[in-house]
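Asks: Below is a structure I'd like to ask you about.
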Protein chains: 6
Amino acid sequence: MSKAPISRFSTPEIADLPEDIRTRILAVQEKSGFVPNVFLVLARRPDEFRAFFAYHDALMDKPGKLTKAEREMIVVATSNANQCQYCVVAHGAILRIRAKDPLIADQVAINYRKADITDRQKAMLDFAMTVAFEAYAVDDADLAQLRSHGFSEEDAWDIAAIAAFFGMSNRLANVTNMRPNDEFYTMGRT
Amino acid sequence: MSKAPISRFSTPEIADLPEDIRTRILAVQEKSGFVPNVFLVLARRPDEFRAFFAYHDALMDKPGKLTKAEREMIVVATSNANQCQYCVVAHGAILRIRAKDPLIADQVAINYRKADITDRQKAMLDFAMTVAFEAYAVDDADLAQLRSHGFSEEDAWDIAAIAAFFGMSNRLANVTNMRPNDEFYTMGRT
Amino acid sequence: MSKAPISRFSTPEIADLPEDIRTRILAVQEKSGFVPNVFLVLARRPDEFRAFFAYHDALMDKPGKLTKAEREMIVVATSNANQCQYCVVAHGAILRIRAKDPLIADQVAINYRKADITDRQKAMLDFAMTVAFEAYAVDDADLAQLRSHGFSEEDAWDIAAIAAFFGMSNRLANVTNMRPNDEFYTMGRT
Amino acid sequence: MSKAPISRFSTPEIADLPEDIRTRILAVQEKSGFVPNVFLVLARRPDEFRAFFAYHDALMDKPGKLTKAEREMIVVATSNANQCQYCVVAHGAILRIRAKDPLIADQVAINYRKADITDRQKAMLDFAMTVAFEAYAVDDADLAQLRSHGFSEEDAWDIAAIAAFFGMSNRLANVTNMRPNDEFYTMGRT
Amino acid sequence: MSKAPISRFSTPEIADLPEDIRTRILAVQEKSGFVPNVFLVLARRPDEFRAFFAYHDALMDKPGKLTKAEREMIVVATSNANQCQYCVVAHGAILRIRAKDPLIADQVAINYRKADITDRQKAMLDFAMTVAFEAYAVDDADLAQLRSHGFSEEDAWDIAAIAAFFGMSNRLANVTNMRPNDEFYTMGRT
Amino acid sequence: MSKAPISRFSTPEIADLPEDIRTRILAVQEKSGFVPNVFLVLARRPDEFRAFFAYHDALMDKPGKLTKAEREMIVVATSNANQCQYCVVAHGAILRIRAKDPLIADQVAINYRKADITDRQKAMLDFAMTVAFEAYAVDDADLAQLRSHGFSEEDAWDIAAIAAFFGMSNRLANVTNMRPNDEFYTMGRT
């Protein structure tokens, strides 16, 4: 079986991209050893690319009480529920690395209720799933439940915003048939 | 019954906002006569605010084959399915104005299949709803269906990206309990 | 875009209708200034017309502890969940008038949990939605919840009967493609 | 296990009922040998009782191309999908009698797709189920599908109206905990 | 309407079956007076037949705190939710006989929440339905709920295993279009 | 975070097991280098254990036109949809080994529609998912669709039986909180 292309839509050549986008992509390549396909697939639309990664960085790469591993848990749990291959495979790799735990990503993706995570983290993921699938019903009781696990109002916003942002990302990846790079599958597994 | 506040979370004073955000908000106020609450609610997080509106503008305020009214139809149809009060009321107003049609927003929100729109527009909204609720199943047949109505690959991307972006926006508005400004309810109705 | 007809099925001439039905329709026209399309669409079947409006009046135009505005809230909330264009637009107008509130109908239709209504009214609508979508699971706990908000056994029957009757009405309107009269869209908005 | 009462709500004494209602109930008792509980449960509200049975008779006891057995099939299939004990048991009995077939009611209730009925009847029930669960999506293709099986526009209305009316009835029976009379269980089985 | 065959797939002649399977089938025929179709339909695959009935017997014909009638309640309630004609009709007959109650099977099948069974049995069926439709969410609270009704850990396993096994059986019966024998419909009704 | 135990229920000591079960378990341990937890968790019930593995072997370890890798694809795709951690992790490992493809298991689990598999295999998985979630609606068109991809009637039975059997297995694993052995996560990844 030959491999599927990285996107249902054509992708630009890196050399043809606007300077800032090319620079960002080359920096990632330098750091990771490869270019994650999300950069190539979204680069087809430079303005959307810039907004997407600015939003991503504002949510995932900032200080705050949620650890980086916890943010990735939110991505992995909601992305599998949305059946997003790219997001589960790529962020599963990042989660394994951030959490220094080779098992956690598969556990959280398939059924976070049975993962080796704390009750506080399960409450975080319960809320993230509610945001992903029933945001219309979020009410004060949900916020109180988070508070009972020590989450502040800022944390609640972070959880919700990450679940919402990756809900968008999951849909884009599914519509474009975005292919996970082979490298992600084994990262952080040993 | 007293009115609910504009957000479940506290909102900043305009005077305390970073210069670029304050400027944008004041420009909107100047143009519209009021500040749509989404600006105040999201301004609590300046970096996310900037990315959100950059993304919004990249999708909604650019040239392309989809008319501005058609883009708003996508927002209105998917937002009612997501039960997002702010997005239906605010973008319903914009849709009425863009389409110069006082009836269209309510029709599209409640059941676009029965709205006074073209078959091509219904196909556009069918695809948008698939992206919103079953993006995992999007396949070549969906794209072919769009093509049969004259939509290009670029148009398909636009429809999907708008549905995905407002899926995020709907979730943020529902989690924050974002209140639509009273002004929106009657705009464009006469 | 030309307007859709008022029904997928042919509708009778008023002059050809049985006396009692013609009289009722002309009385409504006299009072409202127009004939709401539901009268014309259902008049195709005189016996069903008579039963439908007798039932409607028994539930909506009678004394009881639920206010007329509250009864319309039930109609509007369940009808949007059933995606019934006619019922949301027509009863939204009536709700605005009964409640003397130009915003309430859109709020209740899109997401009643975030409307400017009382907690008691939200409990009423929670029960109405359970009747509309999960009546098989209604149990003593639901009735107790209503009682805790001051609703009597009679009120519970009223809420359930209105939700059930308009569930029928929503289905008839959707199957017939019943078109809301243009007049309803702006009634009670100012 | 003692038997549950016939309704969650109190039911009136037959002797205390308005003349027309008492007469109707006694006539049914005369004919059937017992009073079906739906008469007693709904008699608590005389105006609603009158409208309910007027509507019922207009749909179920009139001439038309659908046979009486076919109308009962619609009731039985949709009522089991709505988990309505009273309606499946009572109308199952009527269906067995009308169709002179002791097996048909259970087959149609549990999975009509596998019942000993004609393809035309399966198409009728497919449409009835769409009306019961997705009326918002009914479109010209559904009507064309019915036509391809020989159903007229009048038949389509009948199928839809029966599915819609019993959708209301199912909800009322579930909310009132309406108990099927023991007599229904075995009627028409031999 | 002619009757449907007992399976969508061809079924073997009893005489051609392996000795042990033929012996079991003849013993059932001797005892019941007819061969339940599940034996003929599954005999097409001797190894699967042997495993299926070994599993069935291990769950249904053994000592334990759940009565045989209670085990059949689990089968009947979950099988109707899975729309399995064979399982509801055949096990409904067995339930009537085991419980010595001509009404119970139809009640439990259509809506067990309103059946003439104990609260403890309703809790048992609530758990069985959770296993059938949301097993991924089973947690300690479900087990505690069972314990509060006097169910042991062994009982919990039994309920879950029966719901899971008949979930498999329901799927096999639906895919094969397994036809219930006519005899089952009236067994235990008088 | 300490690791969860291998089951919510207590598990027997291997030394205490009946001879045939102990022998099977030791043989697996010899071959694999560890005892997959499913053997220990299910051994609590020897008769059910024997039937479970007899059924498993009859479906998974026999000759037939479906390759062993294809059978594992069915397990992996349906098990992730059922959120079964044990089954996805353990059978994902087996799938990688059988298919000699380190990427295939994650692809098939998360969204088989986008996996590097043939159209024929996607049709096989479409049917397996229908069996897992809508078996009541399986009809001749589903079988015809399989035939158009070269699947025989025997193959259809195999696909359906595997999906049904692992639907049972998924439910048992979720109810028991069956923990995947750490060894499975990395098997076949390089």
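The values are calculated or read from the model by the stated rules, or taken from the named source; none is laboratory data. Keep in mind it's a predicted model, so treat the numbers as computed, not measured. Note that we place each Cβ from the backbone using ideal geometry, even for glycine, and neighbour counts take in every protein chain shown. Heads up: the accessible areas ignore ligands, DNA and RNA and are worked out on the full protein's heavy atoms, side chains in. Shrake-Rupley method; radii C 1.70, N 1.55, O 1.52, S 1.80 Å.
Asks: What number of residues within the range F:57-81 satisfy the criterion of being over 27 Å from residue E:43 (Cβ atoms), among the polar types (S, T, N, Q) and surrounded by fewer than 22 Cβ atoms within 10 Å (Cβ to Cβ)?
Replies: Here the count works out to 0.
Asks: So which residues in the range D:1-30 are assigned to a loop (DSSP other than H, G, I, E, B) and not hydroxyl-bearing (Ser, Thr, Tyr), if there are any at all?
Replies: D:1, D:3, D:4, D:5, D:6, D:8, D:9, D:12, D:13, D:17, D:18
Asks: Which numbered condition in (1) at negative phi; (2) surrounded by fewer than 16 Cβ atoms within 10 Å (Cβ to Cβ); (3) small (Gly, Ala, Ser) is the only one that residue E:33 fails?
Replies: Of the numbered conditions (1) at negative phi; (2) surrounded by fewer than 16 Cβ atoms within 10 Å (Cβ to Cβ); (3) small (Gly, Ala, Ser), the odd one out for residue E:33 is (1).
Asks: Exactly one of (1) of a type outside the set (A, V, I, L, M, F, W, C); (2) in contact (Cβ under 8 Å) with a residue 24 or more places away in the chain; (3) closer than 30 Å to residue B:83 by Cα is unmet by residue C:10. Its number?
Replies: It fails just one condition, (3).
Asks: I'd like the full set of residues that are within 17 Å of the chain's Cα centre (by Cα) and open to solvent by 10 Å² or more (accessible area, probe 1.4 Å), limited to the range E:128-156.
Replies: Answer for the range E:128-156, where residues must be within 17 Å of the chain's Cα centre (by Cα) and open to solvent by 10 Å² or more (accessible area, probe 1.4 Å): E:129, E:130, E:133.
Asks: On the basis of being open to solvent by less than 60 Å² (accessible area, probe 1.4 Å), among the β-branched types (Val, Ile, Thr) and over 18 Å from the mean Cα position of the chain (by Cα), does residue D:108 make the cut?
Replies: Criteria not met by residue D:108.
Asks: Can residue D:125 be described as more than 7 Å from every other protein chain (Cβ to nearest Cβ), over 20 Å from residue C:132 (Cα atoms), buried (at least 16 other Cβ atoms within 10 Å of the Cβ) and more than 20 Å from the chain's Cα centre (by Cα)?
Replies: Considered against the rule, which asks whether it is more than 7 Å from every other protein chain (Cβ to nearest Cβ), over 20 Å from residue C:132 (Cα atoms), buried (at least 16 other Cβ atoms within 10 Å of the Cβ) and more than 20 Å from the chain's Cα centre (by Cα), residue D:125 comes out as no.
Asks: Now for a different question. If we keep just the residues of the range C:171-183 that are more than 7 Å from chain D (Cβ to nearest Cβ), part of a helix (DSSP H, G or I) and open to solvent by less than 10 Å² (accessible area, probe 1.4 Å), which is nearest to residue C:76 (Cα to Cα)?
Replies: Ranking the candidates gives C:173 first.
Asks: At pLDDT 95 or above, closer than 11 Å to residue C:176 by Cβ and among the aromatic types (Phe, Trp, Tyr), is that true of residue C:9?
Replies: Against the criterion (at pLDDT 95 or above, closer than 11 Å to residue C:176 by Cβ and among the aromatic types (Phe, Trp, Tyr)), residue C:9 qualifies.
Asks: Another question, if that's okay. Output the residue which, of all residues in the range B:88-105 that are touching a Phe, Trp or Tyr at 6+ places or on another chain (Cβ under 6 Å) and part of a helix (DSSP H, G or I), is surrounded by the fewest Cβ atoms within 10 Å (Cβ to Cβ).
Replies: B:93
Asks: Sticking with this structure for a sec: With (1) open to solvent by less than 70 Å² (accessible area, probe 1.4 Å); (2) farther than 24 Å from residue A:187 by Cβ; (3) of a type outside the set (Val, Ile, Thr) as the list, and residue A:47 as the residue in question, which single condition is left unmet?
Replies: (1)
For every residue, the table says whether it meets (1) polar (S, T, N, Q); (2) in contact with a Pro (Cβ under 8 Å, 6 or more places away or on another chain); (3) within 16 Å of residue E:37 (Cβ to Cβ).
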| site | (1), (2), (3) |
| --- | --- |
| E:55 | no, no, no |
| E:59 | no, no, no |
| E:70 | no, no, no |
| E:74 | no, no, no |
| E:82 | yes, no, no |
| E:85 | yes, yes, yes |
| E:98 | no, no, no |
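Asks: Mind checking which residues of the range B:128-153 are more than 9 Å from chain A (Cβ to nearest Cβ), part of a helix (DSSP H, G or I) and closer than 16 Å to residue B:66 by Cα?
Replies: B:128, B:146, B:147, B:148, listed by residue number.
Asks: Can you say whether residue C:61 is modelled with pLDDT under 95 and among the acidic types (Asp, Glu), as far as the supplied structure shows?
Replies: It is true that residue C:61 is modelled with pLDDT under 95 and among the acidic types (Asp, Glu).
Asks: Conditions: (1) more than 26 Å from residue B:81 (Cα to Cα); (2) of a type outside the set (S, T, N, Q); (3) open to solvent by less than 10 Å² (accessible area, probe 1.4 Å). Residue A:164 meets all but one. Number of the miss?
Replies: (1)
Asks: Consider only pairs whose beta carbons are under 9 Å apart and that are at least six residues apart or on different chains; among these, list those whose first residue lies in the range E:60-71 and is away from chain F (no Cβ under 11 Å) and whose second residue is at pLDDT 90 or above and in a loop (DSSP other than H, G, I, E, B).
Replies: As it stands, the answer is E:65/E:150; E:65/E:151; E:65/E:152; E:66/E:151; E:68/E:61; E:69/E:100; E:69/E:101; E:70/E:117, since those pairs meet every condition given.
Asks: Being within 13 Å of chain D (Cβ to nearest Cβ), surrounded by fewer than 20 Cβ atoms within 10 Å (Cβ to Cβ), free of Cβ contacts under 8 Å to residues at least 12 places away in the same chain and not β-branched (Val, Ile, Thr) is true for just one of C:27, C:54, C:4, C:15. Which residue is that?
Replies: C:54
Asks: Which of the residues that make up the range E:62-82 are in contact with a Lys or Arg (Cβ under 8 Å, 6 or more places away or on another chain) and in a loop (DSSP other than H, G, I, E, B)?
Replies: Within the range E:62-82, E:67, E:82 qualify.
Asks: Also: Please specify each residue of the range A:73-103 satisfying the condition of being of a type in the set (Val, Ile, Thr) and within 11 Å of another protein chain (Cβ to nearest Cβ).
Replies: Correct list: A:76, A:78, A:88, A:89.
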